[in-house]
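A.B. asks: Sharing a structure below in structure tokens format, with a few things to ask.
The values are calculated or read from the model by the stated rules, or taken from the named source; none is laboratory data. Note that this is a predicted model, so its numbers are computed, not measured. Cβ coordinates were reconstructed from backbone atoms using ideal geometry, including for glycine residues, and neighbour counts include every protein chain displayed. Heads up: the accessible areas ignore ligands, DNA and RNA and are worked out on the full protein's heavy atoms, side chains in. Shrake-Rupley method; radii C 1.70, N 1.55, O 1.52, S 1.80 Å.
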Amino acid sequence: YVAAVYEHESILSPNPTALVDRRSALELMGRNLDIYEQQAVAAARQGAQIIVFPEDGIHGFNFTRSSIYPYLDSVLHSHSVKWNPCREPYLFNDTEVLQRLSCMALKNKIFLVANLGTKQPCEHGDPHCPRDGRYQFNTNVAFDDRGALVATYRKHNLYFEDAFDIPPEPDYQLFDTPFAGKFGMFTCFDILFFEPAVNLVKQYNLKQVVYPTAWMNQLPLLSAVEFQQAFATAFNINILAANIHHPTLGMTGSGIFTPVKSFIYHDMESYGGKLIVAEIPVITMNYETNLEKTPGRVSGKANLQLPPLFYAEMMYDNFTFVPVWGEKGELQVCANTLCCYLNYQRDVTGELYALGVFDGLHTVHGTYYVQACALVKCGGLSFSTCGQEVTDATALVDFQLWGNMSTPYIFPLLLTSGITLDFADHMGWKNSHYFMSKNRTSSGLLTAALYGRWYEKD
């Protein structure tokens, strides 16, 4: 099928904490919706059957609970009401944004997914009801090609979003399409957690996911396109990911991802939005992970000169590292219960690489348990630069990386120079170790990592 995602440089309120009236809020959102309209037309012209827009693309961010209120639409979070906002605009008040999105889908005969702020009154008898008597949600909406509202999803894992509430229960939201079957949806930070993202994909055996996001890139392990690709690979699904474009805030990185190929956009230099349109296979079967080339165990050679262990901060976590010296070798490094192993051969280019391990609770900007084995290019030639954000590298590397992970949820990361993606030749489980191997990276290696999420220990 043909899919489109739009990375949008949103027009932001100059002062998001100021209180404005509904008319001013609609005026600002209207300017963003004008751009959405042009992109929906362009995507439909290129044959797209579905288009996805980013999180916060219509209203922006950095609001307070009260300053965002004029920007919120009313959405009945219910499956009983079949509603077409474009054709029946008078059914509910405060639905101007929904009406415009619905009409875009209808006019262009395209499925459309967008993110907006919504409000819902609640009774004081409801134990979760906020003091001001209303819920405010960060919401994705999906419309079919006739403009009918077919699904609403309320973000569960908020990332420093004081303006919004967490829904009382996680939403598992699916919608059906004639061209690719069922799609699931979740938003941004949700991708790092079991609920609802992983549970949704597993429980409904989903093969297609739409993913609005407003992601601030963090190298070397959590760049947007790097993790979006890893999620598609780990669960053997297609992901349509639309990010916001604000390079000054570190925000870029969208794409259409399949388990074996990706169409991505990552640009920290230029301004303006970017439409990606690609034809991708409907996944009906499971790709077999190829397990024939499996690594041997690292043998303990008595005369092996062990490289020095050192510690450095990476992604705000204290990793244990060993340097990757010379043109080839075998290494191992352990922390807690996790041991990571590396066999490598590489061009000697004068760059420092290191193999790092972390097995513990990550506590900065969110709390979640990580088990990671990571081969990374360091920022400079001293050990203290390992773990820094690096965007360019020249060394081409052959490697086999494996670890005795304690969780089945492993996200294989493979990032090359200029924030481009590469694909492992082989990956999977073998003798209770997860491994990934690559016969020569396509360009200089930035990161090759097994990023494990141990959800039970969050």
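A.B. asks: Mind jotting down the distance between the C-alpha centroids of the range 330-373 and the range 82-146, whole Å?
C.D. replies: 44 Å
A.B. asks: Take every Cα-Cα pair in the range 310-457 and report what % of them are more than 25 Å apart.
C.D. replies: 20 percent
A.B. asks: Taking a ≥ b ≥ c as the square roots of the eigenvalues of the Cα gyration tensor of the range 84-241, is the shape rounded (a/c under 1.5), prolate (a/b larger than b/c) or oblate?
C.D. replies: Verdict is oblate for the range 84-241.
A.B. asks: Size of the range 47-134 along its principal axes in angstrom, Cα-based, largest extent first?
C.D. replies: Extents along the principal axes: 47, 32, 20 Å.
A.B. asks: Once you mark the GluC sites (Glu not before Pro) that are in a DSSP loop and have at most 13 other Cβ atoms within 10 Å, what is the longest gap between them in the chain?
C.D. replies: With a cap of 13 other Cβ atoms within 10 Å, the longest stretch comes to 124-268.
A.B. asks: Pull up the cross-link candidates among the aspartates and glutamates for residue 274, meaning alpha carbon to alpha carbon under 13 Å and not fewer than 8 places away within one chain.
C.D. replies: 7, 9
A.B. asks: Relative contact order (percent) for the chain, with alpha-carbon contacts under 8 angstrom and 6 or more residues of separation?
C.D. replies: Once divided by the residue count of the chain, the mean separation gives 12 percent.
A.B. asks: Would you list, by chain and number, the aspartates and glutamates whose Cα falls below 17 Å from the Cα of residue 261, excluding same-chain residues fewer than 8 positions away?
C.D. replies: Qualifying aspartates and glutamates at Cα under 17 Å: 226, 279, 288, 422, 425.
A.B. asks: Show me 227-237, 59-69, 408-418, 167-177 ranked by packing, highest mean number of other Cβ atoms within 10 Å first.
C.D. replies: In decreasing order of mean packing, 227-237, 59-69, 408-418, 167-177 become 227-237, 408-418, 59-69, 167-177.
A.B. asks: Rounded, prolate or oblate: which fits the range 362-408 when a ≥ b ≥ c are the square roots of the eigenvalues of the alpha-carbon gyration tensor, with rounded for a/c under 1.5 and prolate only if a/b beats b/c?
C.D. replies: Oblate shape, in that a/c is at least 1.5 and b/c is the bigger or equal ratio.
A.B. asks: Please give the charge dipole size of the chain, origin at the Cα centre, charges +1 on K and R Cβ atoms and -1 on D and E Cβ atoms. Round to the nearest 20 debye.
C.D. replies: With Lys and Arg at +1 and Asp and Glu at -1, about 760 debye.
A.B. asks: Evaluate the charge dipole of the range 310-457 about its Cα centre and quote only its size in Debye, nearest 20, assuming +1 on the Cβ of each Lys and Arg and -1 on the Cβ of each Asp and Glu.
C.D. replies: So the dipole magnitude of the range 310-457 works out to roughly 260 debye.
A.B. asks: Kindly provide the helix-only [θ] at 222 nm of the chain, computed as the sum of -39,500 (n - 2.57) over DSSP H runs of four or more divided by all residues, to the nearest 500 deg cm²/dmol?
C.D. replies: Computed ellipticity for the chain at 222 nm equals -4000 deg cm²/dmol.
A.B. asks: Right, another one. Which angle from 0 to 90°, rounded to the nearest 10, does the C-alpha axis of helix 224-235 make with the longest principal axis of the chain?
C.D. replies: Once rounded, the angle reads 80 degrees.
A.B. asks: Within the chain, which cysteines find no other Cys whose Cβ is under 4.7 angstrom from their own?
C.D. replies: Result for the chain is 188, no neighbouring Cys Cβ within the cutoff.
A.B. asks: Taking only protein heavy atoms into account and a 1.4 Å probe, give the accessible area per residue of the chain in Å².
C.D. replies: So the chain comes to 40 Å² accessible per residue, rounded to a whole number.
A.B. asks: Another one. Tell me the volume per residue, in Å³, of the convex hull enclosing the alpha carbons of the chain.
C.D. replies: In the chain, the Cα convex hull volume per residue is 143 Å³.
A.B. asks: Another question, then. Loop-only check: which trypsin sites (Lys or Arg not before Pro) in the range 72-101 are DSSP coil with at most 10 other Cβ within 10 angstrom?
C.D. replies: Sparse-neighbourhood loop trypsin sites (Lys or Arg not before Pro): 82.
A.B. asks: Kindly express, to the nearest 10 degrees and within the range 0 to 90, the angle between helix 22-45's C-alpha long axis and the longest C-alpha principal axis of the chain.
C.D. replies: So the helix axis and the longest Cα principal axis differ by about 60 degrees.
A.B. asks: Which number gives the lysine pairs in the range 310-457 that have C-alpha atoms under 25 Å apart and are eight or more places apart or on different chains?
C.D. replies: Close lysine pairs found across the range 310-457: 6.
A.B. asks: Where a Cα-Cα gap under 19 Å defines reach, which aspartates and glutamates qualify for residue 107, not counting those fewer than 8 residues away within the same chain?
C.D. replies: 34, 37, 88, 96, 144, 145
A.B. asks: Classify the range 358-444: rounded, prolate or oblate, from the alpha-carbon gyration tensor (a ≥ b ≥ c, eigenvalue square roots; a/c under 1.5 rounded; otherwise prolate if a/b is larger than b/c)?
C.D. replies: oblate
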